[in-house]
Amino acid sequence: MVFYTFNNLLLLLWAWLFCVRKPSKNKKICFVIVAFTQLFLVMALRTQIGYDYNMYTIGFQQMNAEGFTSLTYRDWEIGFVVLTKLLGMILPSYIWYIVFLSAIAIVPAAIFIGRNSEMPALSTILYVNLFIYFMEMNFLRQMIAVSLMMLAWSFIKRNKFVWYLITILFASIFHQTILFVLPVYFLIKMQPKMKELIVYGYFILWFYMSSEGFIDIITNFYHEEYSNTEFLTEGLSFVYAIFPLVITVTAFILVKFGTININNENKYLINLSLICTIFMVAMSKHSILERLSYYFVIFIVLLVPVIYRSLEAKGINTTLANGKSIVLTSEKQRKMLARGFLIGVLVLSYFHFYYGLFENAHGVLPYDIWVRFDGVQIIRDMIRL
């Protein structure tokens, strides 16, 4: 845990140096390069990190020995099997297999945040604190699908459905769960108004109360092996749903107040955040739904900076139903609102992060690396904390 705290402190240091202290476009680019290089090294040098780590390294070795006599392995999708077999012909060991997969995780995330976030430092911190980063150390097949979902964002923004469809179908050969996001392209077109939030709130409650029957129907024909397992009968802590719930409700309120401009990009981000909230609330009852939440939580790291910049630029100027007005639009008030929001976001996200660490979410503790420091064992022992 000490190691991950040090990792977070370094990210905060880079954020201060490149994005807070005399910020510029070039310095923001430098932040993305430095921060994601750091995150890549932490991910690439790990060993035995992630509950599924051994499953994938054993799979690499077995498929490497088997060659192309078969294109199936366990219940793994064919795209991942073929990729693994091809890498087995090139790479000398499973260690470099993990390094390669780490690059597949980190490079799209860096591009996604660098190109799309109004505040790359904040988005990068949320990328780590909301466990997207740790998920990528554990669910290696789904990690590729999530990375492709990040790249699909450019097609969503530009309303390029055909290219979006091609990207999702290609991603499905690495993890089939991404097929569930296909209708999302149309669902996020709705206007994010309070009445829609109430309707979706009712839907969340209904789904939460009746989800057993709904999921039983799905498992009758899809992944029958999960039926009646702990993945369906047990949930994760509701704590993980607090952050997306707060951000989504805040965004809807600020839309009603006129603080957030509803262009297509902001509209899509808010609706994707809403869908994320639905899954993260529901996964407190069925842990398997955590898998689907990761296709949407990645967009919260873009929405949070939008909220911050909107508060900073406009503040709040609205008339309530009882006729009272809220006018917080002076420069000082706008800065106070934005900074108060930022502090709240950081507190909540670090609470999310450390709560997950104490639960050892995704099996990331204790951290260990495969590099050996001959004669400097004390350094390695410190890293494992």
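The values are calculated or read from the model by the stated rules, or taken from the named source; none is laboratory data. Computed from a predicted model, the values in this text were never measured in an experiment. Cβ placement follows ideal geometry from the backbone for every residue including glycine, while neighbour counts extend to all protein chains displayed. The area values use the complete protein model at the heavy-atom level, side chains included, leaving out ligands, DNA and RNA. Shrake-Rupley method; radii C 1.70, N 1.55, O 1.52, S 1.80 Å.
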| field | Anisotropy class of segment 59-172 from Cα gyration tensor, a/c 1.5 cut | value | oblate
| query | Mean residue ellipticity at 222 nm from the helices of the chain, using -39,500 (n - 2.57) per DSSP H segment of n ≥ 4 over the full residue count, to the nearest 500 deg cm²/dmol? | reply | -22500 deg cm²/dmol
| request: Tell me the trypsin sites (Lys or Arg not before Pro) within segment 291-370 that lie in a loop according to DSSP and have at most 10 other beta-carbon atoms within 10 Å. | output: K324
| task | Please name whichever of S147, L86, Y56 sits farthest to the positive end of the charge dipole of the chain, dipole taken about the Cα centre and charges placed at Cβ: Lys and Arg +1, Asp and Glu -1. | result | S147
| said: On alpha carbon coordinates alone, what is the Rg over Rh value for segment 1-131, Rh being the Kirkwood radius? | reply: 1.08
| query | In Å², what does the accessible area per residue of the chain work out to with a 1.4 Å probe? | reply | 46
| message | Rounded, prolate or oblate, given the Cα gyration tensor of the chain, with a/c below 1.5 counting as rounded? | response | oblate
| request: Net charge near F80: determine it from the other residues with C-beta under 13 Å of the C-beta of F80, scoring Lys and Arg +1 and Asp and Glu -1. | output: 0
| request: Before anything else, pin down the relative contact order of the chain: Cα pairs under 8 Å, at least 6 apart, normalised by residue count, whole percent. | output: 21
| task | Would you mind checking which residues have amide H under 5 Å from N317's amide H? H placed 1.01 Å from N; only 5 or more apart, or other chain. | result | L328
